[in-house]
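First the structure, in the form of structure tokens, and then the observations on it.
The values are calculated or read from the model by the stated rules, or taken from the named source; none is laboratory data. Please read these numbers as outputs of a predicted model, since none were measured by experiment. Here the Cβ positions follow ideal geometry from the backbone for every residue, glycine too, while neighbour counts run over all protein chains shown.
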There are 2 protein chains.
Amino acid sequence: MEKILIIGGNAAGLTAASRARRLDPRLNITVLEKSPYISYSTCGIPYYFAGMTTADELVSYTPESFERERGIKVHNHTCVNEIVPSRKRVFATRTDTGEHAEFSYERLLIATGVKPKLPDIPGTDLRNVFTIIDLQDAIRIKEARQPQVLPGIDRDMAQIIEYEVQRFGVRLSVGSRVLALVGSDGHVTGVKAASGLGIEPADMVLLDTGVVPNVDLAREAGIQTGVTGAISVNSHMETNVPGIFAAGNCAETYCSIRQRPILHYIGTVAAKQGRIAGENIAARRTKFLGAIGTTVLKVFDLAVARTGLSSEQAAADSIPVVSARIEALDRAAYYPTARKIWVKLIANRESRRLVGAQVVGYGEASKRIDVAATAITAGMRVDDLAQVDLAYSPPYGNLWDPLLVAAQAVLRKMSMW
Amino acid sequence: MEKILIIGGNAAGLTAASRARRLDPRLNITVLEKSPYISYSTCGIPYYFAGMTTADELVSYTPESFERERGIKVHNHTCVNEIVPSRKRVFATRTDTGEHAEFSYERLLIATGVKPKLPDIPGTDLRNVFTIIDLQDAIRIKEARQPQVLPGIDRDMAQIIEYEVQRFGVRLSVGSRVLALVGSDGHVTGVKAASGLGIEPADMVLLDTGVVPNVDLAREAGIQTGVTGAISVNSHMETNVPGIFAAGNCAETYCSIRQRPILHYIGTVAAKQGRIAGENIAARRTKFLGAIGTTVLKVFDLAVARTGLSSEQAAADSIPVVSARIEALDRAAYYPTARKIWVKLIANRESRRLVGAQVVGYGEASKRIDVAATAITAGMRVDDLAQVDLAYSPPYGNLWDPLLVAAQAVLRKMSMW
């Protein structure tokens, strides 16, 4: 009964564990997770802050239910300190009790995710200054918040109202470098910015200045990282050390457009890598086909979606492109719910293949970005995209889908249409 | 100044006219349309019946505004009786005045759409028995309807209520063959069905028993029709008679999956064919790449979308397939607007390429069908579809999009995953 050890208990790690278990029930699989929580939706944290869901609802499995249903042992509160490939051993500390623990493996998956990149300014250690990487951070931040607006109604309802109120009240200061966070009695009280006229008062500060792959353990174990700073893996999610795999946000992702390793910090890619890692851990030689940076987010009512390369990314890789942006309605103009969207398509000027797309708007944007992502993945030329037989009915789309109109606009720019 | 004549003033005909005009401003283009209306959304007619839009809002251009903005002469109320290719002449009658008219051409586009296929039963000529093909039919039907429910509120509001009320009150009788429509004083009063216990009373009957391509004119002019009954065209939308083109619902469509001509009665395909016809009329040798039968419709709250081949269609063409159906939520389970959808994917068992997809549900279905349509068009294998980097954010989708889950289910059935 082969021993499989997995460091990291979220998208990549647990998907790999489940997949390997399904493919080979004889494997002895153990997951080590430093936080109290496993198997939760990181992407759901904003909706937890907004009171639209609870922390419990974000969690799919507890360590106990995961072990019971999947037959996979999970040690939470377990922080790994060292991997020793020569002895196939992992050394850890229990964060709740301080005990030391040691685990052996025949195959090891590293799925340690990311850690916060802190700005090099004073004050980041003050109380109520937070970073946010995981559910534990989210719960700490939520607990530090002021009670609520409208004390006459329940807190979980008031938070939805706060969320709506913020739509019209958020102040945005771009290009303003923060010099320091200032405090009193160890508690943050303000922010000093280069452009400001003094200190901007603040009861709470959330630092979101990027993340870096969490690769210290891997590096110390002699596992190679790439130029991106993340762990180098092949298409089977194998590292340079035999029997050691890496997946998720700590591992590099292959970009099928640029044909080189890149970084993607996103759950969809982590889960896909985890699935492939799990299959290969179970000796099924499947390959990860790479990712192209497809994301969508909700900024108040506005959907912001993108896939593939931006014009800037294409320029950085010396890929010659033609792009066009159009404005359109997301469904028939006379249909009551028609809303505005903007579509930008970017195509390789030489191969004529689609290499990137961006859709922003109040209407259905993720629909269009997924079509573009599929076209990019398939290596589709913009000439062909312009004629794809897309669905139309007034409540759902347009006779000429905005994507087709944008493809025609790119073709016009290519002076061939 | 070459003379271009176009018979038919809706999706295919006007798209062709506009496209040819844009590509070659010197062309002398004339459109002949038998009804009073041109350039309207046929797909919007249900929303016109529901009081959600007006007939005027469905019309993009009047003959006058189209002529003024595009420099293309439109004769509406003009019914073509005969095409004489040997003399390059078209003979017509003005339906409003009864006058005869004659038009010459150097290139001719036939875009005559469809006509109703009537059931062979008595009573179809009674008053208040309608067929519906165009906006004129729709206006006649709407004018024949009973005033409204709730006379205390405005008619346009009451119709929206009627629409909602019907959600819960529509009776459906499938497999019941209608033997006759019966009437009194020439007005329809009931329906006699083979399965019924007598005559089902009816104040109004809408016959929707299919359409056939409107090809009488073309056939009499010696233009070939195919086994489908529609006009045969090549990828440039040319008929067998030099200088005569056909586009839209009267013309055959090339199916890129089955690699043979088929029929599609849908505006999206008509518009694409019209665009290609217009380009070729203007001597730009572009090609129509075909269509795959992508449609979406709204049945009360339920979205019903399909693309490519159904299992039955694949069997009829002896294409060996594997299919799988899954049930899923269209976005994160904890997100308040998450709704259920069912996804079925059909793949060729030998080539492993996706050949068909069906999505039905209360959530976002047309998004998934468009992704499938793009994958089918690109010849994507279901193995590759299972890994496409689709967008995810809790308000818009799932970590594993239902399409990816369905692709995995197909792969499991193929015993390879």
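Which of the residues spanning the stretch A:189-217 are touching a Ser or Thr at 6+ places or on another chain (Cβ under 7 Å) and not in a loop (DSSP other than H, G, I, E, B)? Hits for the stretch A:189-217 are A:193, A:201, A:207, A:217. Restricting attention to the stretch B:309-329, the residues that are within 14 Å of chain A (Cβ to nearest Cβ) and over 25 Å from residue B:397 (Cα atoms) total 1.
Within the stretch A:369-415, being more than 18 Å from residue B:274 (Cα to Cα), of a type outside the set (Val, Ile, Thr) and without any contact (Cβ under 8 Å) to a residue 12 or more places away in the chain holds for A:378, A:393, A:415. Scanning the stretch B:88-121 for residues that are in contact (Cβ under 8 Å) with a residue 60 or more places away in the chain, in a loop (DSSP other than H, G, I, E, B) and either touching a Leu at 6+ places or on another chain (Cβ under 8 Å) or among the polar types (S, T, N, Q) (or both) gives B:88, B:95, B:105, B:112, B:118, B:119, B:121.
Only a single criterion out of (1) more than 12 Å from chain B (Cβ to nearest Cβ); (2) more than 20 Å from residue A:82 (Cβ to Cβ); (3) more than 18 Å from the chain's Cα centre (by Cα); (4) among the hydrophobic types (A, V, I, L, M, F, W, C) is not satisfied by residue A:217, namely (2). Of all residues in the stretch A:231-272, those satisfying the criterion of being more than 21 Å from residue A:17 (Cα to Cα) and in contact with a Pro (Cβ under 8 Å, 6 or more places away or on another chain) are A:254, A:255, A:263. The residues listed here are A:247, A:218, A:202; of these, the one that is surrounded by 23 or more Cβ atoms within 10 Å (Cβ to Cβ) and over 18 Å from residue A:88 (Cα atoms) is A:247. Among the conditions (1) surrounded by 24 or more Cβ atoms within 10 Å (Cβ to Cβ); (2) closer than 27 Å to residue B:285 by Cα; (3) more than 8 Å from every other protein chain (Cβ to nearest Cβ), the only one that residue A:359 does not satisfy is (2). Considering only residues in the stretch A:62-87 that are part of a loop (DSSP other than H, G, I, E, B) and out of contact with any Asp or Glu (no Cβ under 7 Å at 6 or more places or on another chain), the one that is nearest to the other protein chains (Cβ to nearest Cβ) turns out to be A:62. Just one of (1) in contact with a Lys or Arg (Cβ under 8 Å, 6 or more places away or on another chain); (2) farther than 30 Å from residue A:22 by Cα; (3) crowded, with 24+ Cβ neighbours inside 10 Å fails for residue A:328. It is (3).
Would you be able to say whether some residue in the stretch A:271-288 is basic (Lys, Arg) and in contact with a strand residue (DSSP E or B) (Cβ under 8 Å, 6 or more places away or on another chain)? Yes, the stretch A:271-288 contains a residue that is basic (Lys, Arg) and in contact with a strand residue (DSSP E or B) (Cβ under 8 Å, 6 or more places away or on another chain).
Within the stretch B:206-248, the residues that satisfy the criterion of being free of Cβ contacts under 8 Å to residues at least 40 places away in the same chain and of a type in the set (D, E, K, R) are B:216, B:219.
To keep it simple, each residue is scored yes or no on (1) surrounded by fewer than 21 Cβ atoms within 10 Å (Cβ to Cβ); (2) within 10 Å of chain B (Cβ to nearest Cβ); (3) modelled with pLDDT under 95.
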| position | (1), (2), (3) |
| --- | --- |
| A:365 | no, yes, yes |
| A:376 | no, yes, no |
| A:382 | no, no, no |
| A:386 | no, yes, no |
| A:405 | yes, no, no |
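Across the stretch B:43-61, the number of residues qualifying as among the hydroxyl-bearing types (Ser, Thr, Tyr) and more than 10 Å from every other protein chain (Cβ to nearest Cβ) comes to 1. Against the list (1) at pLDDT 90 or above; (2) in contact with a strand residue (DSSP E or B) (Cβ under 9 Å, 6 or more places away or on another chain); (3) of a type outside the set (A, V, I, L, M); (4) over 27 Å from residue A:12 (Cβ atoms), the condition residue B:401 fails is (4).
Condition check ((1) assigned to a loop (DSSP other than H, G, I, E, B); (2) crowded, with 24+ Cβ neighbours inside 10 Å; (3) facing chain A (nearest Cβ under 9 Å); (4) without any contact (Cβ under 8 Å) to a residue 40 or more places away in the chain) across all residues:
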position: B:265; (1), (2), (3), (4): yes, no, no, no
position: B:271; (1), (2), (3), (4): no, no, yes, no
position: B:276; (1), (2), (3), (4): no, yes, yes, no
position: B:286; (1), (2), (3), (4): yes, no, yes, no
position: B:293; (1), (2), (3), (4): yes, no, yes, yes
position: B:297; (1), (2), (3), (4): no, no, yes, yes
position: B:307; (1), (2), (3), (4): no, yes, yes, no
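The single condition among (1) touching a residue at least 40 places away in the same chain (Cβ under 8 Å); (2) closer than 23 Å to residue B:79 by Cα; (3) within 14 Å of chain A (Cβ to nearest Cβ); (4) buried (at least 20 other Cβ atoms within 10 Å of the Cβ) that residue B:39 does not satisfy is (1). Scanning the stretch B:330-351 for residues that are more than 13 Å from every other protein chain (Cβ to nearest Cβ) and out of contact with any Asp or Glu (no Cβ under 6 Å at 6 or more places or on another chain) turns up B:340, B:343, B:344, B:345, B:346, B:347, B:348, B:349, B:350, B:351. All told, residue A:88 falls short of being at pLDDT 85 or above, closer than 23 Å to residue A:271 by Cβ and among the basic types (Lys, Arg).
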